Amino acid sequence: MLAPMSSIRSSFIRLAIKGVLFTVFICLPSICLANANIQRKVLVLYNSETSQTPMRNIGFSSCQTILNYYGILTDYRDVSQRPLPDPETMSAYRGIITVFNSTDMQGAIEYLTWQNNQFKADKKIIVLGNMGGSANRKNNPILKNLIDKSFRYLGLEYEKDFTANQTLLRYVYKDKERVEFERNYPFFPTIYEKYTPIHNKVKTYTSIKRIDRKNSLSSTVITSPTGGFAKGSFMLWEGSYYL
């Protein structure tokens, strides 16, 4: 599926997206032989319940051309259509990209259970924007446990602590080869939630902190051996209606 140039122009991408995609899905081990059977398909999940379509989501508008260039094929699937793919169907995919523009999702427990089963099956998963189904975790211990497991599979501990008060936020680290490709980040980070790497195999490309908290370091763009994560406001220049 090819992305029209109009959608690319309306949603300028940071190199952060390219860096995450390249590291997780595109880099192949040097031991791969020319005649090796290489999986080239990825499953891109969007949610029509939040007004997304196969062409109206961050995956199509800002990732599709990158994936096309590197020979990665995409299948777009509406996560609201159940049942979710079975193991035989998933065997055809190299990995999964989720592109949800909201944490809201009907059937969140079913979805997150399925997602964690994909991690167990060694499918790499990239979360762009929001962890699907992670709304209302505070009042549902089963849901909270599933959300926490998903983040731990990615190599992160999710501690929430949300604020949109930019005067309290500062950048700590920016990998100049992967972010600020087209222009600098906003002077202050736009939002904060705490994502803490839990092992040294997590590669952080952007981290921030709260100046009103001790030990508030948060990794907002990362890759790990199991996938990647990029918080929405740290991967796009503009065109937020695609988020």
Open item on the list: Sort R56, R210 by Cβ crowding within 10 Å, fewest neighbours at the top.
Closed with: R56, R210
Task: Nonlocal amide H pairs with V44, under 5 Å, H built at 1.01 Å - done: D75, Y76, R77, I97
Task: Footprinting exposure proxy for I142, I66 (fewest neighbouring C-beta atoms within 10 Å first) - done: I142, I66
Open item on the list: Report, to one decimal in Å, the Kirkwood hydrodynamic radius for segment 75-213 based on all distinct Cα pairs.
Closed with: 16.8
Task: Neighbour-count ranking [beta-carbon atoms within 10 angstrom, fewest first] of K176, K194 - done: K176, K194
Task: Rounded to whole Hz, the Karplus (6.51, -1.76, 1.60) HN-Hα couplings of segment 66-71, x for glycine and proline - done: 4, 5, 4, 4, 8, x
- [ ] Express in nm, to one decimal, how much length is gained between K41 and T89 on full extension, taking 0.36 nm for each residue of separation and deducting their alpha carbon distance.
- [x] 16.1 nm
- [ ] List every residue whose amide H lies under 5 Å from the amide H of V172, counting only residues 5 or more places away in sequence or on a different chain, with H placed 1.01 Å from N in the peptide plane.
- [x] S207, I208, K209
- [ ] Go through K124/K176; K149/K214; K138/K231; K41/K160; K41/K149; K124/K214 and tell me which ones have a Cα-Cα distance over 31 Å in this structure.
- [x] K41/K160; K124/K214
Task: Residue-by-residue Karplus 3J(HN,Hα) for segment 140-151, coefficients 6.51, -1.76, 1.60, Hz, glycine and proline x - done: 9, x, 5, 5, 4, 4, 5, 4, 4, 5, 4, 5
TODO: With θ set to phi - 60°, apply the Karplus curve 6.51 cos²θ - 1.76 cosθ + 1.60 along segment 187-198 and write out the HN-Hα couplings as whole Hz, x wherever there is a Gly or Pro.
DONE: 4, 10, x, 7, 9, 9, 9, 9, 10, 10, x, 10
TODO: Give me the number: length gained by fully extending A135 to N215, i.e. 0.36 nm times residue separation minus the C-alpha to C-alpha distance, one decimal in nm.
DONE: 26.3 nm
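Values quoted throughout were computed directly from the atomic coordinates according to the rules given, and no laboratory measurement underlies them. Nothing here was measured: the structure is a model prediction, and the numbers come from that model. Every residue, glycine as well, gets a Cβ built from its backbone with ideal geometry; the counts of neighbours run over all protein chains shown.
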